[in-house]
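Coordinate-derived values only; no laboratory data. This structure is a prediction, so every number in the text was calculated from the model and none was measured. Cβ sites come from the backbone with ideal geometry, for glycine too, and all protein chains shown count toward neighbours.
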Amino acid sequence: MNNLKFPHVILGMILALTIFPSSAAADDRISGKGIYRVRWQSLVPEVTTDLIHDWRLHVETADRRPAENLTITVSAHMPGHAHGLPTQPRATAYLGDGDYRIDGMKFQMSGIWWVRFDLWWKNRRDWVIFEVPVK
Ligand SMILES: [Cu+2]
């Protein structure tokens with residue numbers, strides 16, 4: 001029996017949630033088919049409504065090499081709401097080392113958004129959806 005360790009695990013989880021709140025303006029995810037590892041990061045510290053801002057998208061292959069020469073499209077909507085973004089954000093530049101500049105992000109309503117990136121290079125097409133809390 002090893003019941004003594006259990007409270008420490010719970011305390012560790014509470015501490016982790018306090019230090020790394022889910023509202024951080026960045027997140028990592030593996031794409032749907034497992035082809036890419038994708039990280040988005042906002043260039044503003046907190047994603048709020050009615051603010052046009054840029055994101056950085058970092059994309060690696062599953063074996064952790066920078067994914068270059070990708071074609072990337074962006075779309076987003078709020079779950080259960082019949083609207084998308086007021087802007088049409090685009091990947092406008094490849095910055096090297098797997099980093100792409102995403103221009104024109106803007107959210108017109110606070111709450112949870114699902115932001116989808118479609119990524120492809122030749123026939124290696126995949127997608128990733130991030131849950132983004134907008135303040
Ligand atoms: Cu909405």
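So if R0 is 22 Å, what FRET efficiency would residue 33 and residue 56 give, r being the distance between their Cβ atoms, rounded to the nearest 0.05? List each step's numbers first, then the result.
Numbers: r = 23 Å, r/R0 = 1.04.
The computed FRET efficiency comes out at 0.45.
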Exercise. Which distance in nm do the two modelled labels at residue 135 and residue 120 give, with both placed 7 Å along the Cα-to-Cβ direction?
Worked result: 3.8 nm
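Arrange the peptides 120-126, 80-86, 66-72 so that the one whose residues have, on average, the most other Cβ atoms within 10 Å appears first. Before the final figure, lay out the partial values.
On the way: 120-126: 13.1, 80-86: 11.0, 66-72: 15.1.
Final packing ranking: 66-72, 120-126, 80-86.
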For this session: Under 20 Å from a label point 7 Å along Cα→Cβ of residue 97: give me every residue in region 24-51 with its amide N that close.
Result: 25-29, 37-45
